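Read the figures in this text as sums done on the coordinates, not as results from a lab. The model shown is predicted, which means the values in this text are computed figures rather than measured ones. Positions of Cβ are generated from backbone atoms using ideal geometry, with glycine treated the same way; all protein chains shown enter the neighbour counts.
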Amino acid sequence: MRIQRIEHRIIQLLIVLFGISFLTFSLVHFSPGDPAEIMLTECGNIPTPELLAQARKDLGLDQPLFVQYGSWLKGVITGDMGMSYSFKVPVFQKLIACLIPTIALAIVSLFIMVVVSIPFGFLSAIYHNKWLDYLIRLFSFIGISVPSFWIGLILLRIFGVNLGWVTVSGGSADARSIILPAVTLALAMSAKYTRQVRVSVLEELNKEYVIGARMRGVSEKKILFRHVLPNVLLPLITILGLSFGSLLGGTAVVEIIYNWPGLGNMAVQAIACRDFPLIQGYVLMISLFYMLINLLIDMLYPMIDPRLKEK
């Protein structure tokens, strides 16, 4: 039964990917702007009608939409996503080159978020309606209210301009440059997930099995780590998985602020240049990663909570 369910999810994944690819392909090609004209202009050529017609023919833009989509889909299936108009490299090669820095940024951000939000969430729940709880909730409220781009600009001003610890120009993906963008992303996520951890822990602490354990004289430390924490892990894993997927495709603003060479920064450049193949490849890759992460989380559930195993 479990194998059949996974096979069913994989079939759904393929159908959704097909729908996303066609929708993205159609919307991109109906958007205003001519990629042939943009490409000629960036190369220093005057876009005359003759040059535009030849460029559209070379790019395949003179074909009907369904013919273009069929050719592109055939290439994707065989591992060829086409050439990037703006970067003049294969789309797959450019996506992989930008994916690695984005994955590194997402992993570091999630690590910081877990280190901050889980302890703070537990402390806020344990000291419910006490001064520490109010302090942590104030931190969460401020973190949720302040936009991440503002935090990024402030950190860049302090540590880049005033202290000179990092280069303002950015452009590199080394260990030193990853700290500020990771902290910027982690602060916003930590504020939100601290509240979610707090709510989950409070719900567990008020359940009958916790009350019964206390009546039997079980220590609070043992209740928290052997009973409450495993039951809180399930929604936390869901949060981590969804957060990782969103970080792969939703870090454009932070990447632009720090000039981080990731997928978000690349996607903004591709949209500005009407780089159709790169935009389509980017959306397809992010969609695939997001659905694979959801599938992986679904497969991990029974390992964490045996009650979810199918009989």
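Here are some notes:
- The lone exception for S190 - which of (1) surrounded by 14 or more Cβ atoms within 10 Å (Cβ to Cβ); (2) free of Cβ contacts under 8 Å to residues at least 40 places away in the same chain it fails: (2)
- Hits in segment 57-89 - residues which are surrounded by fewer than 17 Cβ atoms within 10 Å (Cβ to Cβ) and assigned to a helix (DSSP H, G or I): K57, D58, L65, F66, V67, G70, S71, L73, K74, G75, I77
- Odd one out for R214 among (1) closer than 23 Å to V116 by Cβ; (2) free of Cβ contacts under 8 Å to residues at least 60 places away in the same chain; (3) part of a helix (DSSP H, G or I): (1)
- Number of residues in segment 109-135 that are more than 26 Å from the chain's Cα centre (by Cα) and assigned to a helix (DSSP H, G or I) equals 9.
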